[in-house]
1. How much length would be gained if the chain were fully extended between Leu157 and Lys95, taking 0.36 nm per residue of separation minus their Cα-Cα distance, in nm to one decimal?
2. Averaged per residue, what accessible area in Å² does the chain show with a 1.4 Å probe, protein chains only?
3. Remind me, relative contact order of the chain in percent, using alpha carbon pairs under 8 angstrom and six or more residues apart?
4. For segment 94-107, take each phi angle, set θ = phi - 60°, evaluate the Karplus expression 6.51 cos²θ - 1.76 cosθ + 1.60, and give the result in whole Hz per residue in order, putting x for glycine and proline.
5. Pairs to check: Lys52/Lys99; Lys109/Lys159; Lys52/Lys109; Lys33/Lys102; Lys54/Lys99; Lys21/Lys99. Give those whose C-alpha atoms are more than 27 Å from each other in this structure.
6. Ignoring ligands, DNA and RNA, please state the percent of accessible area on segment 61-130 from carbon and sulfur, probe 1.4 Å.
7. Cα centroids of segment 78-98 and segment 106-135: how far apart, whole angstrom?
8. Where both residues lie in the chain, what percent of DSSP beta bridges are antiparallel, nearest 5?
Amino acid sequence: MKTKLILFLLMAWQLSFSQQKSTTYYFIRHAEKVDNSKDPNLSELGMQRAQKWKAIFESIDFDQIYSTNYKRTQQTATPIATADKIEIQLYDPQKIELKAFKKITLGRKVLIVGHSNTTPDFVNKIINQQVFNDIEDTTFGNLYIVTIIGDTISYQLLKFP
């Protein structure tokens, strides 16, 4: 009887865990830009980095891709969106409603392309902790990965050259 009870509890626990949806966010900063004007294009080096991001994400089937409304972020996201046949959705990091964003991305794999200040800030808001600082002006290879399963949030920062 005791064994049956333990098996029943184990199965119930597994069933409840398997029903929780896993949401994974991948945050990157736009690639290198041609100059410091308000809305510059990517430089040649930036275009190469965008292709590197595409290669890095090759095995991930994104459900959604978000970019700010700037050429450099959209140009960084475009090779990935094209490969996954996904339309880039624009977002405003100053006006994003976090609760609604989490709801519409629940259970999905989501790429978010932002800026040196908005990317770590968005990650901090998603994880509900102040962990990451603004990205250095010369750093373009940070990849923040946040996974949410139920109430459990895990995160990591990978750095690519």
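The values are calculated or read from the model by the stated rules, or taken from the named source; none is laboratory data. In this text the structure is predicted, and so the values were computed from the model without any measurement. Every residue, glycine as well, gets a Cβ built from its backbone with ideal geometry; the counts of neighbours run over all protein chains shown. Just so you know, the surface numbers come from the protein's heavy atoms only, side chains and all, with ligands and any DNA or RNA stripped out. Shrake-Rupley method; radii C 1.70, N 1.55, O 1.52, S 1.80 Å.
1. Numbers: separation 62, 0.36 × 62 = 22.32 nm, distance 2.46 nm.
Full-extension gain reported as 19.9 nm.
2. Ligands and nucleic acids excluded, the figure is 62 Å² per residue.
3. Computed value for the chain: 29 percent relative contact order.
4. These are the phi-based 3J(HN,Hα) values: 7, 10, 5, 8, 4, 4, 5, 4, 4, 5, 6, 9, 4, x Hz.
5. Pairs exceeding 27 Å: Lys52/Lys99; Lys33/Lys102; Lys54/Lys99.
6. Of all accessible area on segment 61-130, carbon and sulfur atoms account for 45 percent.
7. Comparing the Cα centres of segment 78-98 and segment 106-135, I get a distance of 14 Å.
8. Values: 16 of 29 bridges.
The antiparallel fraction comes to roughly 55 percent.
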